[in-house]
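*Asks:* Could you have a look at this structure, given as structure tokens, before my questions?
The values are calculated or read from the model by the stated rules, or taken from the named source; none is laboratory data. Note that the structure is a prediction, hence the values are computed from the model and not measured. Cβ atoms come from the backbone with ideal geometry, glycine included; neighbour counts cover every protein chain shown.
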Amino acid sequence: MTAHILNSQGTQVVFGLDWMPLTGEQSEQDEVRLLAASTNAAYQVRHASEHAIVYGFLNKENVPEQIKKPEFVSATMLLATFPDVARNAIWVEVEAQTAKVAVLENGDPSPAGDFFGPLEHADEIIQRIQSDAGEIFTIYGNYTEVYPHSIPLQLSDLIAEGNVVLASLAKASKGINRNVVVLGVLAALLAGGLLYYDHMAEDARVNALAAKRKKPTVDTEKLYRETLRQAILSAGVPASAAADVLMGSWQNVETLQAGWTLKEVNCDVTACIYTWSVLGGTNASLKQALGDLPYQFSLAGTEVTYSLPNAKKTSVSLQLQALPTFGAFNLTAGSVFQQLRMVEVNVHVDPPTIFGAGEGVNVQALKAPIRTGRIVVEGAAALLPEVFSHLPDSVTFKTLQVTPKDGEPKFKLEGNYYVQN
């Protein structure tokens, strides 16, 4: 892929990286070395999620000679680290007939979705990704001519709110073939006729052992707090603010429209996806009833979906210093869960595990880790306000599903609870 480097307000933003997932068949270092060599990479950036590790590579040929102090930042990584970004996200910013594109699929950079170039090519890329994925994507940017319900998001916003540190490219790790080095040393020794090879080899062994002993000590607690700051960005919305963010406007929609019934609504912090099932209507009749929306019509003609951004936003995030201990959480929140169950609201809570421990953090050495567990709440949709108002802010939510079936809508909330030990 041809990369493009754009200077935006003093930041060298890169589009068009070659994104490659690791297979896990070798160590990460060895696999990255081989990939960097195969792409003739000069720079690289790493993205890790719970299910994949993906590297983006910048080819040497795409690095302009006039850039004396390269400090490259990946546009796709800025999108991946943007607060509350959708797991399936397409960001497209259009100027004249040129488009900048960054795409996430299931939270990871899309190998085909990092692009800068002609708008017509961007249209082809976006359509192909949506078709191949078979998923609903949340659209960000200013391409309202094609996506009228896009969530406004400029490149300057990505730079300001994305994690520039994680998005920064480092020099590509080509590594060293140890076998070749050993053979080279032996050849040099034989050619030079060195008489004290054994003595020098012993010195080298001693020096290597000494170098290993001099490795800097890692401050586990400090490293953990740094990875926590990034993890909080995807921790969800605290219960007291979740109603304004997740509820959207689905409760104002008539569930029977022009021969269609509203099957379900799935909301996250950015948008709600509406799914309609046919009851004798047509695609045209639904569009006439609901107006101009970003419809996706199924080929079978049985369903229609569209995504609408949530009108209300929040900057409220999880406050670590206010978290209860696990015992205190069981006493207070546990009592709320018991009360909810009495009115037929089901609450399922998983045991807690350590939260936010990134790469390099020795969890066994942590003195006061934050722990988190999954929570699922289900019941009658009419009780949603009660659920949000009674739960503490140590409980956060990421998604809300509503199924308006048989005139008695049901809801399913999914999120996490957090405690400090």
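*Asks:* Within the stretch 3-22, can you find the residues that are surrounded by fewer than 17 Cβ atoms within 10 Å (Cβ to Cβ) and either acidic (Asp, Glu) or outside any strand (DSSP E or B) (or both)?
*Replies:* Listed by number, the residues that qualify are GLN9, GLY10.
*Asks:* Name the residue that is farthest from PRO148 (Cα to Cα), counting only residues in the stretch 232-271 that are assigned to a helix (DSSP H, G or I) and of a type outside the set (Gly, Ala, Ser).
*Replies:* Looking at the filtered set, the residue picked out is ILE232.
*Asks:* A further question follows. Restrict the check to the stretch 350-371 and report whether at least one residue is within 24 Å of ALA243 (Cα to Cα) and either exposed (fewer than 13 other Cβ atoms within 10 Å of the Cβ) or free of Cβ contacts under 8 Å to residues at least 24 places away in the same chain (or both).
*Replies:* Yes: one or more hits.
*Asks:* Another question, then. Could you list, in sequence order, all residues of the stretch 237-257 that are closer than 21 Å to LEU290 by Cβ and aliphatic (A, V, I, L, M)?
*Replies:* Scanning the stretch 237-257 gives MET247, VAL253, LEU256.
*Asks:* Here's another thing I want to ask about it. Which is under 30 Å from GLU226 (Cα atoms) and either of a type in the set (Lys, Arg) or not assigned by TED's automatic domain parsing to the domain that holds THR270 (or both), of VAL387, VAL347, VAL395?
*Replies:* Answer to the check: VAL395.
*Asks:* Can you tell me which residue among ILE375, ILE354 is among the hydrophobic types (A, V, I, L, M, F, W, C) and at pLDDT below 90?
*Replies:* The unique qualifying residue is ILE354.
*Asks:* Do you know which of the residues in the stretch 272-287 that are aliphatic (A, V, I, L, M) and assigned to a helix (DSSP H, G or I) is surrounded by the most Cβ atoms within 10 Å (Cβ to Cβ)?
*Replies:* LEU286
*Asks:* Exactly one condition in (1) surrounded by fewer than 10 Cβ atoms within 10 Å (Cβ to Cβ); (2) modelled with pLDDT of 85 or more; (3) within 28 Å of LEU400 (Cα to Cα); (4) not hydroxyl-bearing (Ser, Thr, Tyr) is not met by ILE151; state its number.
*Replies:* Among (1) surrounded by fewer than 10 Cβ atoms within 10 Å (Cβ to Cβ); (2) modelled with pLDDT of 85 or more; (3) within 28 Å of LEU400 (Cα to Cα); (4) not hydroxyl-bearing (Ser, Thr, Tyr), the lone unmet condition for ILE151 is (1).
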